[in-house]
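> One structure, pasted below without further comment.
The values are calculated or read from the model by the stated rules, or taken from the named source; none is laboratory data. The model shown is predicted, which means the values in this text are computed figures rather than measured ones. Cβ sites come from the backbone with ideal geometry, for glycine too, and all protein chains shown count toward neighbours. Just the protein is used for accessible areas: all its heavy atoms, side chains included, with ligands, DNA and RNA removed. Shrake-Rupley method; radii C 1.70, N 1.55, O 1.52, S 1.80 Å.
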Amino acid sequence: LALSHHFRPSNATQARTMSDLPGLPPAELLKPGGYKPFFDDLLTQEDALHTIKVMFEDELKKNVNLQRVSAPMFLTKNSGFNDNLNGVERPATFAPRDFQDIKLEVPFSLAKWKRWALHYYKFPAGKGLVTDMRGLRCDDDVDFTHSLYVDQWDWEKVITAEDRNMEYLQTTVKGIYKAVVDTEKEIAKKFGLEAVLPEEIKFFSSDEMLKEYPDLTPKERENVLCEEHGAVFLMGIGGYKEDGVTLRHDGRAPDYDDWITERPDGGFGLNGDLLVWNPVLKGSFELSSMGIRVSPEVLLKQLDIMK
């Protein structure tokens, strides 16, 4: 299983003009005085951000049985540990002054490195790692929720073959969401903010949502769910519709998590996205993209589908 989460945008977002930015928030927020930050004091804001990072990680470790490890800031190109994403993005690359023949890359994500780290640290089944991953994505679409700079919690856990099922996935999601809710409550209490998240998360299938709202875009379907329920886990991300050409909901690499295994609810895929309603941006907001990793058999099938 893997969890990733973009923590906050870098100054790169602010460097472009409003007209250049895709994914603009509601028009009223862009007007002068349309949005007023809650914190007037930047030091208090930094204190709140630090509190979130420390508390959420502690709650996540407790709820999902994880132990923190250190993450690499760069990887050798020849190691094969850097994530290929969609295969076309350029990594930030450099060579050390005294070792010009060695090419180093700032990671896009630690998806591959984490799997190696589980073996290196000899984690037993039922236990996993969490780390504070920081990286650069030079070719990312920069908008109000995405940045060239990545600062996210990354985690990976050893599970058994018997754990590759919907029930285990949903139990894990509930543990993660509880960490989010408990962190929000503490921040709200400490800094006088309003807690907006519901106590429980709802589960939905991308297959069923596609049937119910065939004319909506994936983002619009997410908005419908999140506005009504506040927090949802949308299962089944990756793969194609029946036409074999159009994405079912969103793209997912074939060597990441399982998006083809049939579930008891009739849908396909042991993965999903954890989404909440953002009351400021008036839209769905992805907190986590996660799932049960591919088995050798599932990997070969998904690679064949993506040919």
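> Looking at 122, 112 in this structure, which one is open to solvent by 40 Å² or more (accessible area, probe 1.4 Å) and touching an Asp or Glu at 6+ places or on another chain (Cβ under 7 Å)?
After applying the criteria, what remains is 112.
> May I ask you to list pairs of residues, at least six apart or on different chains, whose Cβ atoms are under 8 Å apart, with the first in segment 77-103 being among the aromatic types (Phe, Trp, Tyr) and the second being open to solvent by 80 Å² or more (accessible area, probe 1.4 Å) and assigned to a helix (DSSP H, G or I)?
From segment 77-103, the pairs are 81/116.
> So, one more: Given the conditions (1) within 24 Å of residue 155 (Cβ to Cβ); (2) in contact with a strand residue (DSSP E or B) (Cβ under 7 Å, 6 or more places away or on another chain); (3) among the aromatic types (Phe, Trp, Tyr), and given that residue 116 satisfies all but one, which numbered condition is not satisfied?
The one condition residue 116 does not meet is (2).
> Let me ask you something else. Considering (1) open to solvent by 40 Å² or more (accessible area, probe 1.4 Å); (2) closer than 27 Å to residue 202 by Cβ; (3) in contact with a strand residue (DSSP E or B) (Cβ under 8 Å, 6 or more places away or on another chain); (4) among the β-branched types (Val, Ile, Thr), say which one residue 280 fails and leave the rest.
(3)
> Suppose we filter 78, 63, 82 for residues that are outside any helix (DSSP H, G or I) and either out of contact with any Cys (no Cβ under 9 Å at 6 or more places or on another chain) or open to solvent by 70 Å² or more (accessible area, probe 1.4 Å) (or both); which single one remains?
82
> Let me ask something additional. Return the total of residues in segment 254-307 being farther than 20 Å from residue 171 by Cβ and in a strand (DSSP E or B).
Counting residues in segment 254-307 that are farther than 20 Å from residue 171 by Cβ and in a strand (DSSP E or B) gives 6.
> Kindly evaluate residue 188 against the criterion of being among the small types (Gly, Ala, Ser), open to solvent by 50 Å² or more (accessible area, probe 1.4 Å), at negative phi and without any contact (Cβ under 8 Å) to a residue 60 or more places away in the chain.
no
> From the set of residues in segment 156-210 that are in a loop (DSSP other than H, G, I, E, B) and within 30 Å of residue 124 (Cβ to Cβ), which is farthest from the chain's Cα centre (by Cα)?
Checked segment 156-210; the qualifying residue farthest from the chain's Cα centre (by Cα) is 160.
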